Amino acid sequence: MIPRYQKILFGILLLASLVMGVVLWQLRERAHERMIAGQDSAPTSAPEVASAEQATLVVANDNDSSLLTQVHFLPLPVDDGARARAVLGKLLDLYAAPDAAHPVPGGGTSVTQVFLLPAPQLGALSQNPEPAGAQLAVVNLTGSFAASHPSGIETETLTVLSICGTLRANLPSVTQVRFLVDGHERATLAGHADLTRTYLTADAVPQP
Amino acid sequence: MAALKFRPFLAFAVLVASLQLAAAQQPPSARFVVVLDPAHGGDDAGGRMANGQSEKNFTLALTGRLRSLLAARGIQVVTTRDSDAAVDPGRRAEIANHAQAEACLSLHASESGSGLHLFTSSLAPAQPARFAPWKTAQAAWVTRSLALAGTLNSALLHAGVSVTLGRTSLPAVDSMTCPAVAIEITPERSADQKTTTGLDDKNYQARVATALAAALVEWRMEAQQP
């Protein structure tokens, strides 16, 4: 026979356990919502080191294999190389966003450097001679970006073309683009798009 | 006695000469070779499909299916790999160039995008030259490659497959001296980007392979027209 006081104690403990369980469940839900809200606000805004300027991004869309221009206002450095890196960083931030139409992990830190050099004449590769002042942009990407890039001809080609188009839109003197990964030449981006060749920015024209 | 000794040689010489004469009088050979290049292989698995299958296995299986369809239509097929072996992009182009093919198809698969993607080389068209740079040898064939992509596009649209045309730079294709198209098969999707037909759908694979075979038969007819 269980004493009456033990029955009451057991009931109180059971009730307390249930209440604590409900409270913990609500706390967990609130924490989850806070985390989701934090992801929605990514990418984090750059520190205001310069006044915001207009930047044109050529953004890829996997749904219809298109390249479309988007205008953003960003704090951009004065130096052309740093400016190119900032613009490409913003482009790759868009691709890393959860609802991106061209999802590619990595974000803005995937572009480690952009070097601008005088553009060489390409001979048979280009039908037109390079104008005076034309520049070659060498874009150095991180190995983690290439390793995590989705594999496929279309998705890799769109990434390459959107980078070339964005450079052309913001730095019209850039007529050629080459790619490095962690400072070295790499055969392909993720098994398809050739990264050993020189790309012409004129080939990366977005749809009107 | 000496005349009897040389009689077999004389008969053989007459036979060879008559065969050569007969061959010269026949119409030109109807040789039509298609190169199928299943992408990736060996350590290079390529992309990963939704069902876990690797791109290298998918393209190899599709190549086998397409080869059977083409052989049944009297088309000679050369493949760059018949097993799960790693083949260098340069070696793939070598095989295609030695075959002197009328069409070279590089087969790929991906989970991104929708329908079929037909890619031709993004190299600027160039005049054929006796010696072409290896990495841009396709430049002299770009115009023909675009025509081949057009024929493939028509046949695929006729089969109800949505097609996207594009230009790209693939190491193997850029070195091929034949009309070359890279074909990337992706799932069929609805307007809201939901997958309606996955890559593992056997009917979808059969529809694509049959349409490609029909396109190559059409391409052969075009090639053999005077």
*When you go through A:165, A:152 one by one, which is the residue that is at positive phi and either in contact with a His (Cβ under 8 Å, 6 or more places away or on another chain) or within 14 Å of chain B (Cβ to nearest Cβ) (or both)?*
A:152
*asked:* Restricting to region B:32-48, and then to whatever is within 28 Å of residue B:74 (Cβ to Cβ) and of a type in the set (A, V, I, L, M, F, W, C), can you tell me which residue is farthest from the other protein chains (Cβ to nearest Cβ)?
replied: B:32
*Pairs, please: C-beta under 6 Å, at least 6 apart or cross-chain, first residue in contact (Cβ under 8 Å) with a residue 40 or more places away in the chain and in region A:61-85, second assigned to a strand (DSSP E or B)?*
A:65/B:164; A:67/A:58; A:67/A:60; A:68/A:59; A:69/A:56; A:69/A:58; A:80/A:116; A:84/A:114
_Given the criteria small (Gly, Ala, Ser) and either over 22 Å from residue B:114 (Cβ atoms) or not assigned by TED's automatic domain parsing to the domain that holds residue A:83 (or both), does residue A:190 qualify?_
no
*Out of (1) within 18 Å of residue B:89 (Cα to Cα); (2) within 11 Å of chain B (Cβ to nearest Cβ); (3) under 20 Å from the mean Cα position of the chain (by Cα), what's the single condition that is false for residue A:186?*
(2)
*Any idea which of (1) among the hydrophobic types (A, V, I, L, M, F, W, C); (2) within 19 Å of residue A:191 (Cβ to Cβ); (3) within 14 Å of another protein chain (Cβ to nearest Cβ) is the one residue B:85 doesn't satisfy?*
(3)
*Subset tally (residues that are surrounded by fewer than 18 Cβ atoms within 10 Å (Cβ to Cβ), out of contact with any Pro (no Cβ under 8 Å at 6 or more places or on another chain) and away from chain A (no Cβ under 11 Å)) for region B:130-145*: 3
*Would it be correct to say that residue A:144 is under 19 Å from the mean Cα position of the chain (by Cα), at pLDDT 90 or above, away from every other protein chain (no Cβ under 14 Å) and within 30 Å of residue B:45 (Cβ to Cβ)?*
yes
*Single condition residue B:216 does not satisfy, out of (1) under 21 Å from residue B:60 (Cα atoms); (2) in contact with a Pro (Cβ under 6 Å, 6 or more places away or on another chain)*: (2)
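To keep it simple, each residue is scored yes or no on (1) assigned to a helix (DSSP H, G or I); (2) among the aliphatic types (A, V, I, L, M); (3) assigned by TED's automatic domain parsing to the domain that holds residue A:184.
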{"site": "A:106", "(1), (2), (3)": "no, no, yes"}
{"site": "A:109", "(1), (2), (3)": "yes, no, yes"}
{"site": "A:113", "(1), (2), (3)": "no, no, yes"}
{"site": "A:116", "(1), (2), (3)": "no, yes, yes"}
{"site": "A:130", "(1), (2), (3)": "no, no, yes"}
{"site": "A:145", "(1), (2), (3)": "yes, no, yes"}
{"site": "A:154", "(1), (2), (3)": "yes, no, yes"}
{"site": "A:160", "(1), (2), (3)": "yes, yes, yes"}
{"site": "A:167", "(1), (2), (3)": "yes, yes, yes"}
_Positions within region B:172-226 being closer than 30 Å to residue B:51 by Cα and assigned to a loop (DSSP other than H, G, I, E, B), in sequence order_ = B:172, B:186, B:187, B:190, B:191, B:192, B:193, B:194, B:198, B:199, B:200, B:201
*So, of the residues in region B:56-69 that are crowded, with 22+ Cβ neighbours inside 10 Å and in contact (Cβ under 8 Å) with a residue 60 or more places away in the chain, which turns out to be farthest from the chain's Cα centre (by Cα)?*
B:58
_Would you confirm, using the coordinates I've provided, whether residue A:99 is of a type in the set (Asp, Glu), closer than 21 Å to residue B:114 by Cβ, in contact (Cβ under 8 Å) with a residue 24 or more places away in the chain and within 14 Å of chain B (Cβ to nearest Cβ)?_
no
*Test each condition in (1) without any contact (Cβ under 8 Å) to a residue 60 or more places away in the chain; (2) closer than 21 Å to residue A:153 by Cα; (3) of a type in the set (Asp, Glu) for residue B:111 and report the one that comes out false.*
(1)
*Restricting attention to region B:120-158, which residues are in a loop (DSSP other than H, G, I, E, B) and of a type outside the set (A, V, I, L, M, F, W, C)?*
B:122, B:125, B:127, B:128, B:130, B:133
_Restricting to region B:101-129, give me the number of residues that are of a type outside the set (Gly, Ala, Ser), at the interface with another protein chain (Cβ under 9 Å from one of its Cβ atoms) and within 24 Å of residue B:223 (Cα to Cα)._
4
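The values are calculated or read from the model by the stated rules, or taken from the named source; none is laboratory data. Here the structure is a predicted model, which is why all the values come from computation and not from measurement. We place every Cβ from the backbone using ideal geometry, glycine too, and count neighbours over all the protein chains shown.
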